[in-house]
1. Amide H to amide H, which residues 5 or more places from LEU237 or on other chains are under 5 Å from it, using H placed in the peptide plane?
2. In the stretch 81-165, which chymotrypsin sites (Phe, Trp or Tyr not before Pro) fall in coil by DSSP and have 14 or fewer other Cβ atoms within 10 Å?
3. For the chain, just say rounded, prolate or oblate: build the C-alpha gyration tensor, square-root its eigenvalues into a ≥ b ≥ c, call rounded for a/c under 1.5, and beyond that prolate if a/b exceeds b/c, oblate if not.
4. Counting only helical runs of four or more DSSP H residues, what would the 222 nm mean residue ellipticity of the chain come to if each run contributes -39,500 (n - 2.57) and the total is spread over all its residues?
5. What are the aspartates and glutamates whose alpha-carbon lies under 12 Å from the alpha-carbon of LYS156, with same-chain residues fewer than 8 places away excluded?
6. Once you list every other residue whose beta carbon is under 9 Å from the beta carbon of MET36, what net charge do they have if Lys and Arg are +1 and Asp and Glu are -1?
7. Starting from the amide H of MET21, placed 1.01 Å from N in the peptide plane, find each other amide H under 5 Å away whose residue is 5 or more places distant or on another chain.
8. Springs between alpha-carbon pairs under 10 angstrom, Gaussian network model over the chain: which of LEU68, LEU208, LEU162 fluctuates most?
Amino acid sequence: MTALGTNIPLYDLHVHLRGGMTVEKAVARQEESGIMRGVLRNIGTGWPIETDEQLAEFLDGVAGFPVLVGLQVNDRDWHLKHSPELLGRLDFVLADTMIMAMPDDDAPPTKLWMPELYTIDDPEAWMRRYMQHNLRILAEPISIFANPTYLPEAVKHLYDELWTDQRMAEIIQRAVAEGIALEIQATSEYPHDRFIGMAKDMGAVFSLGTNNFDDIPIDMKRCHDVVARFGLRAGDLYRPSRGPLGRGKALS
Ligand SMILES: [Zn+2]
């Protein structure tokens, strides 16, 4: 399938194998819709893949299927901890910023989508720390920066104050410099249009994805709308190509 009468090949590079979703179903839907799928699992402490044995098992389990294969990385030492040979078998690596040390940098990583686990007393001070967290993730050898400009529930009403143009530009500039794609997620309100427009102007590459929790098909309307509204072309969209640590290139 191509987007809205254009000839842009579409990808869904955020298909979790969880909640009944399997690689076989991903392949079937790819054939049905023409949208290429990238399947992945979460890796990190307390996540489905913690060890190299489990990573090898995952990679062997999806080998031979005509889908792209990735990981969502949840710990910040993943690239130091796992076998380069195993990581080299990936097509892409995706990371979001939704797990962060709270309440300070020395505290344990906390799931920001669980508001009962923490409070944000000073949003501006938190945002300064969150920016550093974002930039640290953008320094990892990832290919897709997922759910960019995400804000937790407690401060989401402050989006325009916290995400100043300057901060957005810093994130985008780093992503462009590192060749990291910025995700437009079908099921998220992030990033807002101001970020997408700025990213497009600054030469960023975008990745489309659904981020499923089960095997119920997800409408990619939000992604297609962004492609149409911002006039994105094939060269603006990320397509993985096999390489060290999942680094990819945009279509040209
Ligand atoms: Zn995900």
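The values are calculated or read from the model by the stated rules, or taken from the named source; none is laboratory data. Here the structure is a predicted model, which is why all the values come from computation and not from measurement. Because the Cβ atoms are built from the backbone with ideal geometry, glycine has one as well, and the counts that use them run over all protein chains shown. Heavy atoms of the whole protein, side chains included, go into the accessibility calculation; ligands, DNA and RNA do not. Shrake-Rupley method; radii C 1.70, N 1.55, O 1.52, S 1.80 Å.
1. PHE206, LEU251
2. The qualifying sites are TRP113.
3. oblate
4. -9000 deg cm²/dmol
5. In chain and number order, the partners are GLU189.
6. Local net charge: +1.
7. Placed amide hydrogens put ASP215 under 5 Å from MET21.
8. LEU162
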